[in-house]
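The values are calculated or read from the model by the stated rules, or taken from the named source; none is laboratory data. Computed from a predicted model, the values in this text were never measured in an experiment. Note: ideal-geometry Cβ built from the backbone for every residue, glycine included; neighbour counts use all protein chains shown.
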Amino acid sequence: MKVILKQNVDSLGKAGDLVKVADGYARNFLIPKGLAAEASGRNLKAFEHEKRRILLQAEKLQQQAEETAAKLSGLTCTIARRVGEQEKLFGSVGARDIGEALAAQGVEIEKKNILLDEPIKSLGEFPVRIRLGAGVTAEIKVVVAAES
């Protein structure tokens, strides 16, 4: 089945692309989620007009992501935690903790967009990547310090 993508889909293509996918994938996933529309004659004509709007919107999102990346590039996030002997943390610092610390600094980032390989379990300075959408990522420094 041929479908027209309404939004970027990682494994298929960008918004506005005409792609061929399995019938079940289109009917059960792409179309119900609003990610694509069936490529019929009427939909193709209507989508040509909407394609320009989607491309402008994608460009706007790209620009916003780059602006946010520039704002985050020099940001250092400090998180204080209780420590035990040998400077081991009680618990760990996860994506939620980093998101709350960023929110306190005035930057709203969703927890799912904070890319941690594993929770931070020791004191120190760690680089953390943040996905901002539109293929843009930024890196911040997270400093885990001992609570006084």
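For the reader, a short list of remarks on this structure follows.
- Residue within the range 38-51 that is outside any helix (DSSP H, G or I) and not polar (S, T, N, Q) present: yes
- Among the candidates 58, 37, the residue that is touching a strand residue (DSSP E or B) at 6+ places or on another chain (Cβ under 6 Å), closer than 19 Å to residue 15 by Cβ, modelled with pLDDT under 90 and not polar (S, T, N, Q) is uniquely 37.
- Test result for residue 80, at pLDDT 90 or above, touching a strand residue (DSSP E or B) at 6+ places or on another chain (Cβ under 9 Å) and surrounded by 10 or more Cβ atoms within 10 Å (Cβ to Cβ): yes
- Selection of the range 93-148 for residues being of a type in the set (Ser, Thr, Tyr) and either under 26 Å from residue 9 (Cα atoms) or surrounded by 16 or more Cβ atoms within 10 Å (Cβ to Cβ) (or both) yields only 137.
- In the range 52-85, of all residues being charged (D, E, K, R) and assigned to a helix (DSSP H, G or I), the one that is nearest to residue 128 (Cα to Cα) corresponds to 71.
- Within the range 95-133, being part of a helix (DSSP H, G or I) and not aliphatic (A, V, I, L, M) holds for 96, 97, 99, 100, 111, 112, 113.
- When 20, 88 are checked against the criterion of being farther than 22 Å from residue 132 by Cβ, out of contact with any Lys or Arg (no Cβ under 6 Å at 6 or more places or on another chain) and not aliphatic (A, V, I, L, M), a single residue qualifies: 88.
Results for (1) surrounded by 11 or more Cβ atoms within 10 Å (Cβ to Cβ); (2) touching a Lys or Arg at 6+ places or on another chain (Cβ under 8 Å); (3) not β-branched (Val, Ile, Thr), shown as yes or no for each residue.
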| site | (1), (2), (3) |
| --- | --- |
| 32 | no, no, yes |
| 35 | yes, yes, yes |
| 39 | yes, yes, yes |
| 48 | yes, no, yes |
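- Considering 35, 56, 44, the condition of being of a type outside the set (Ser, Thr, Tyr) and touching a Phe, Trp or Tyr at 6+ places or on another chain (Cβ under 8 Å) is satisfied by 35 alone.
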